Amino acid sequence: MTGQFPVEQLRAIETPFYYYDMDVLRDTLHVLLHEASDSRWNVHYALKACATDEILRAIAASGVGADCVSGGEVKAALSAGFPPEQIVFAGVAKTDAEIRFALEQGILCFNVESVEELEVISQIAHSMGIVARVCLRVNPNVDAHTHAKITTGLKENKFGIPMSMLSRAVRLCYRSSNIDFMGLHFHIGSQITDMEPFVELSARVNELVSQVEQLLCENAQGQTVQAQVKHINVGGGLGILYEHPNHFPIPNFKAYFDIWRAHICLREDQHLHFELGRSLVAQCGNLMTRVLYVKKGENKQFAIVDAGMNDLIRPALYGAFHRVENLTHPDAEEQLYDIVGPICESSDVFVEGYRIAQVRRGDLLAMRSAGAYGEIMASQYNLRRLPGHVTSDSLQVKR
Ligand code: LLP
């Protein structure tokens, strides 16, 4: 089974390029919003997964908020129509200019990753005569059981404030007249398909929230106040099924949200935030490429395509799998290939020993599930042109 592609129109476009199926995106958003309908819940789209303008506009129009990790992402979110009060800004090291810009725009909050950063945000807010809203990102030491390079919640990772320093950070927030302490933020990793780590994270969240709420803190006026956690942000990480883009184009949002509903103790006056990236956009995107040569090796055959690791780096960087389909000859008899790119690096391999309908020079192939961390991670390595994209709504190439 292959996906639905307007093959004739796509064949007329110079490869490689990304093709986004906007119906898949809209269906995904529809299911997402249906499953996340609790009025205390807020979903933010993690722009780092894909910041293609048409994708951002469709997501902003659905009412979902934005999760940004750079000033550039905050700018892109605002210009795509995400309201500032639905934008959260994370990232392990924000520059002074980024902090100032986000404060000027009035975003919902910063997810602060260290006591050092908290002090800088407080100083900058003071110099601007305003109050910065802040959630503290805690490193919960929970194993996400995913690829080591996309695990973030272990104590050896660079992310977040260690649990042992959390009380101190909360006290600092209360003592500063330029910081409004909103709550806690977590993110344990990406491409998580087994829900158990989220159950484990929930237990840790409940424990830390009640620990923080027992703290008596001194405020800027010298009064003693009890710390309050109004916002809990559990990050992103929901994985998708790379092997089955046609059978499971929409992730199992129900199973994911059921976990939080069952395991997070959420009061009526508290908000629960999610920062989903991959699960919203991965299955709507495809990298389209043509076969340049079919080359016989000593004991393998190579399908050499015109897309390279600069266009889609996930296989080279994480050993990630993307299903490949032959759109020109979908019904040809299958053969085994190593599908490789033209870049001068041995790691420029998309998949090895892969069974696909026999390919010929000029055949159009689709590399599936490439909407997340695909186009956005593309580079010009080997001085190649950036791939650019078309959407199913317009079929006009944008670079
Ligand atoms: N929130 C924070 C703080 C994050 O660091 C991330 C992803 C997300 C949310 C969104 O996570 P998602 O829902 O997409 O799993 N380039 C890698 C993935 C890196 C993820 C980085 N952080 C890949 O291609 O697999």
message: Restricting to DSSP H runs of at least four residues, report the calculated mean residue ellipticity at 222 nm for the chain, -39500 (n - 2.57) per run over all residues, nearest 500 deg cm²/dmol.
response: -8000 deg cm²/dmol
Stokes-Einstein diffusion coefficient of the stretch 70-166, Kirkwood radius over Cα pairs, 37 °C, 0.692 mPa s, in µm²/s: 230
statement: Ranked on Cβ counts within 10 Å of their own Cβ, fewest leading, His263, His187 go His263, His187
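Rank these for me by crowding, His126, His322, His271, going from fewest to most other beta carbons within 10 Å. Could you put the intermediate results ahead of the total?
Numbers: His126 15, His322 22, His271 18.
In increasing order of surrounding Cβ atoms, one gets His126, His271, His322.
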Relative contact order [Cα under 8 Å, 6+ residues apart], the chain, whole percent: 19
- request: Under 30 Å Cα to Cα from Lys158, which lysines show up? Leave out anything in the same chain fewer than 8 places away.
  value: Lys48, Lys75, Lys94, Lys149, Lys230
field: Dipole magnitude of the chain about its Cα centre (Cβ charges: Lys, Arg +1; Asp, Glu -1), debye to nearest 20
entry: 460
- prompt: Nearest 0.05, what FRET efficiency do Gln270 and Leu386 give at R0 = 56 Å with Cβ-Cβ as r?
  reply: 0.85
task: Work out the length of the dipole vector of the stretch 113-157 about its Cα centre, built from +1 on the beta-carbon of each Lys and Arg and -1 on the beta-carbon of each Asp and Glu, and round it to the nearest 20 debye.
output: 160
statement: With +1 on the Cβ of every Lys and Arg and -1 on the Cβ of every Asp and Glu, the dipole magnitude of the stretch 207-357 about its Cα centre, in debye rounded to the nearest 20, is 140
task: Would you mind computing the Rg to Rh ratio of the chain from its alpha-carbon coordinates, Kirkwood style for Rh?
output: 1.02
field: Backbone HN-Hα couplings from phi across the stretch 27-38 [Karplus 6.51/-1.76/1.60, Hz, Gly and Pro as x]
entry: 5, 4, 5, 4, 5, 3, 5, 5, 6, 10, 8, 4
Whole-angstrom gap from the stretch 351-388 to the stretch 87-109, using each part's C-alpha centre: 34
field: Three-way shape label, the stretch 190-286, alpha-carbon gyration tensor, a/c 1.5
entry: prolate
statement: Along the stretch 235-244, Karplus-curve 3J(HN,Hα) (6.51, -1.76, 1.60; θ = phi - 60°) to the nearest Hz, with x for Gly and Pro, reads x, x, x, 4, x, 10, 9, 4, 6, 10
task: Give the residue from Leu32, Ala80, Ser70 lying farthest towards the positive end of the charge dipole for the chain; charges sit on Cβ (+1 for Lys and Arg, -1 for Asp and Glu) and the dipole is referred to the Cα centre.
output: Ser70
- line: If unit charges are put on Cβ atoms (+1 for Lys and Arg, -1 for Asp and Glu) and the dipole of the chain is taken about its Cα centre, the option from His247, Ile343, Ala125 lying farthest towards the positive end turns out to be Ile343
field: Listed residue (Phe110, Val397, Thr193) projecting farthest to the positive dipole end of the chain, Cβ model
entry: Val397
- prompt: Exposure proxy check: Ile99, Ile107 ranked by fewest other beta carbons within 10 Å?
  reply: Ile99, Ile107
field: Placed amide H near Asn42: partners under 5 Å, 5+ positions off or other chain
entry: Leu272, His273, Phe274
message: Explain nothing, just compute: Karplus ³J(HN,Hα) = 6.51 cos²θ - 1.76 cosθ + 1.60, θ = phi - 60°, for every residue of the stretch 126-139 in order, whole Hz, x for Gly and Pro.
response: 4, 5, 8, x, 10, 10, 9, 7, 9, 10, 9, 7, 9, 8
- prompt: Is the shape of the stretch 283-398 best called rounded, prolate or oblate, per the rule: a/c under 1.5 gives rounded, else a/b larger than b/c gives prolate, else oblate, with a ≥ b ≥ c the square roots of the Cα gyration tensor eigenvalues?
  reply: oblate
message: How much length would be gained if the chain were fully extended between Ser70 and Val225, taking 0.36 nm per residue of separation minus their Cα-Cα distance, in nm to one decimal?
response: 52.5 nm
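What is the packing order of peptides 76-88, 353-365, taking the mean over residues of other C-beta atoms within 10 Å and listing the highest first? Present the calculation step by step, with values, prior to reporting the outcome.
Numbers: 76-88: 19.4, 353-365: 16.6.
Put in order of decreasing packing, that is 76-88, 353-365.
Laboratory data are not the source of any read-out in this text; all were calculated from the coordinates shown. These numbers come from a predicted model, not from an experiment. Reconstructed Cβ throughout: ideal geometry from the backbone, glycine too, with neighbour counts over all protein chains shown.
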